[in-house]
Amino acid sequence: MYAVKIPEDSEVFGPSGASAFTRFGYSAAVRAGNHLFIAGTIGRRPDGEIAETIEEQTEIALRRIEEILRLEGLDLSALVDITSYHVDIHQHLPGFLEAKKRLVTAEPYPAWSMIGVSGLASPGLLIEIRATAAYPE
């Protein structure tokens with residue numbers, strides 16, 4: 001078992017995003033056996049600002065997942081299970097689905113659970129996405 005480290009110079013996470021894992025005491029992702037467990041990712045831009053729209057937040061969160069997968073030699077097609085947490089899910093679902101459709105294109109699609117929540121860690125966050133990927137056998 002080992003933790004995936006996000007480089008401090010990551011263009012996707014930015015310096016504050018990469019250091020947040022240490023600051024808050026958790027790993028971006030952990031490999032256990034043939035699975036990679038990816039912590040919840042959010043729609044915070046590399047400069048630390050939260051994107052305003054659900055579409056941009058979804059894209060940023062999925063790009064962060066994609067970057068973690070890339071660091072492990074994988075891509076989005078390795079995803080097997082995803083859970084997304086949505087503030088105002090009914091209002092934001094169409095924009096979320098549009099962004100998701102542009103990025104998650106490989107069949108078979110991962111299993112996906114969408115959960116409505118009253119809020120996330122920072123005001124302005126509309127979505128958080130956690131995922132599990134499988135390494136090739």
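The values are calculated or read from the model by the stated rules, or taken from the named source; none is laboratory data. Note that the structure is predicted; figures quoted are calculated from it, not measured. Every residue, glycine among them, receives a Cβ derived from its backbone with ideal geometry; neighbour counts consider all protein chains shown. When the accessible area is computed, the model is the full protein with side chains, heavy atoms only, and any ligands, DNA or RNA have been set aside. Shrake-Rupley method; radii C 1.70, N 1.55, O 1.52, S 1.80 Å.
Annotations
- Candidates S27, S113, S16: whichever shows maximal mean-square fluctuation once the chain is modelled as a Gaussian network with Cα springs under 10 Å: S113
- Those GluC sites (Glu not before Pro) in the range 41-132 that DSSP places in a loop and that have at most 16 other beta carbons within 10 Å: E49, E52, E72
- Positive end of the dipole of the chain (Cβ unit charges, origin at the Cα centre): among G48, P123, F21, the Cα lying farthest that way belongs to F21.
- Stretch gain in nm, segment V117-A134, where the contour uses 0.36 nm per residue and the Cα spacing is subtracted: 3.4 nm
- At least 24 Å along the helix axis (C-alpha) and Kyte average at least -1.0, DSSP helices within the chain: 54-71
- When only the Cβ of Lys, Arg, Asp and Glu is charged (+1, +1, -1, -1), the dipole of the range 7-118 relative to its Cα centre reaches about 280 debye.
- Considering only L125, L79, L97, the mean-square fluctuation computed in a Gaussian network model of the chain, springs between alpha carbons under 10 angstrom, is largest for L97.
- Of Y135, G73, V87, farthest towards positive along the dipole that unit charges on Lys, Arg, Asp, Glu beta carbons give the chain: Y135
- Computed [θ] at 222 nm, deg cm²/dmol, the chain (DSSP H ≥ 4; -39,500 (n - 2.57); rounded to nearest 500): -10500 deg cm²/dmol
- Share, in percent, of DSSP beta bridges within the chain that are antiparallel, nearest 5: 75
- Cα-based shape type of the range 63-132, given that a ≥ b ≥ c are square roots of the gyration tensor eigenvalues and the cut on a/c is 1.5: prolate
- Per residue, the range 9-82 exposes 47 Å² of accessible surface when a 1.4 Å probe is rolled over the protein heavy atoms with every protein chain present.
- Solvent-accessible area assigned to carbon and sulfur over the range 30-119 amounts to 50 percent, based on a 1.4 Å probe.
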